[in-house]
Amino acid sequence: MTIVAHAHLFVIGVHTHARNHDLAVLAATGEVIDTAQFPTTAAGMDRAISWAARRTGGDQAALWVIEGVTSYGAGLAAACERAG
């Protein structure tokens, strides 16, 4: 079994809601780098992705863990996919 910390330097966890999403960026060590909340609008999701990129140094291997990708998290998951 692969250990997440061996494959990803950062994990971005997302707790989704109808109007806002709560994000947390964690280092592989388990340290919480930062947390923030963003609206579920297209602009809010773009800001969330940019915010996470700044906190991870643009690490393309950062693991996004998005709750509810078939419901409240679907828009953010699609925005992350578009952003690469």
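Packing-based ranking of 50-57, 8-15, 39-46 yields 8-15, 50-57, 39-46, ordered from highest to lowest mean Cβ neighbour count within 10 Å. Counting 0.36 nm for each residue step from Ala5 to Ala79 and taking away their Cα separation leaves a gain of 24.2 nm.
In order along region 31-36, phi translates into HN-Hα couplings of 5, 7, 6, 6, 9, 6 Hz, rounded to whole numbers, per the Karplus curve 6.51 cos²θ - 1.76 cosθ + 1.60 with θ = phi - 60° and x for Gly and Pro. Contact order, relative form, for the chain: 30 percent (alpha carbon pairs under 8 Å, 6 or more residues apart, mean separation divided by residue count). The chain: percent of C-alpha pairs farther apart than 14 Å? Tail fraction, whole percent: 59. Here the Karplus relation 6.51 cos²θ - 1.76 cosθ + 1.60, evaluated at θ = phi - 60°, turns the backbone of region 47-63 into coupling constants of 5, 4, 5, 5, 4, 5, 4, 5, 7, 9, x, x, 4, 5, 8, 4, 8 Hz, with x for every Gly and Pro. Compared with the dominant Cα axis of the chain, that is its longest principal axis, helix 74-83 is turned about 60°. If the segment from Val65 to Trp51 were pulled out straight at 0.36 nm per residue, it would be longer than the present Cα-Cα gap by 3.5 nm.
Please give the residues of region 46-69, grouped as numeric ranges, whose backbone N is less than 11 Å from a label point set 7 Å along the Cα-to-Cβ vector of Ala27. Once the point is set 7 Å along Cα→Cβ of Ala27, nothing inside region 46-69 turns out to lie under 11 Å by backbone N. If you average the C-alpha positions of region 1-48 and of region 61-84 separately, how far apart do those two centres end up, in angstrom? Answer, in whole Å: 10.
Read-outs throughout are calculated quantities, based only on the coordinates presented, and are distinct from any laboratory measurement. A quick note: this is a predicted structure, and the numbers were derived from the prediction, not measured. Using ideal geometry, Cβ is built from the backbone for each residue, glycine included, and neighbour counts are taken over all protein chains shown.
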